[in-house]
1. Rg and Dmax in Å for region 97-172, alpha carbons only: what are they?
2. Could you please report the charge total around Cys99, scoring K, R as +1 and D, E as -1 over all other residues with beta-carbon less than 9 angstrom from its beta-carbon?
3. Note the full-extension length gain between Gln52 and Ser121 as 0.36 nm times their separation in residues minus their Cα-Cα distance, in nm to one decimal.
4. With every protein chain present, what is the per residue accessible area of region 42-140 (1.4 Å probe, Å²)?
5. Solvent-accessible area of Tyr123, probe 1.4 Å, all protein chains present, reported in Å² to the nearest ten, please.
6. According to a simple spin-label model (label point 7 Å from Cα along Cα-to-Cβ), what is the distance in nm between Asn105 and Ser89?
Amino acid sequence: MPVDMPHSNSSRISDNPLSLLEQSRLSNFLADYDLDPEEVTTLVEPVLRAKQRCQTSSFYIQAVTTGRISFLASNLSGVRDMQMTEAASHWLIGRSPNCAIAIANPQLSRRHAVIGYSSESFYITDVGSRNGTWVNKRRLSAMERQPLQDGDVIRLGSLPVEFFALTRDRNCEIGTDITCY
């Protein structure tokens, strides 16, 4: 069940991300996973700024993993500025209201694609959609697992979506394909 994020303004975000957390259900979500306040701030700031990173589309999916939990934040639902998925290892995207990211768009199948996290990387799989799933202008075959990198452009049917990834990796280096913290 998606968690709706409250509307926010950029001055509030830059001043104190923790104050925004205190006003939302996101703080309860992250508290359930025993994350310290510094780790929470490190996670929340990029999530709240994902919209500002968009360069080719007005829609995004921000993937986050701490090593213990993984979740997605997105502005695709059309209900709020941002929604956050349950913590999981994979998330179904499609028109069905039962999807982790439900999108009311006739170009999408009820069950269109899955984004997953496995072996320290995110991936997307088209689950047999009618209008296809593309990553960086390349159409995926049904059930093909395509690794995702920070900044990839996904197209679900005719809907372009920018993909951003944030992960905590002790071995992160500059130039990797994922934003690290």
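The values are calculated or read from the model by the stated rules, or taken from the named source; none is laboratory data. Quick caveat, the model's predicted, so the values are computed rather than measured. Positions of Cβ are backbone-derived with ideal geometry, glycine not excepted, and every protein chain shown enters the neighbour counts. Accessible surface is based on the protein model in full, side chains and every heavy atom, while ligands, DNA and RNA are left aside. Shrake-Rupley method; radii C 1.70, N 1.55, O 1.52, S 1.80 Å.
1. Just the Cα atoms of region 97-172 yield Rg and Dmax of 12.7, 42 Å.
2. +3
3. So the extension gain works out to 22.5 nm.
4. Heavy-atom SASA per residue in region 42-140 reads 46 Å².
5. Roughly 30 Å² of Tyr123 is accessible to a 1.4 Å probe.
6. Simple spin-label model gives 2.8 nm for this pair.
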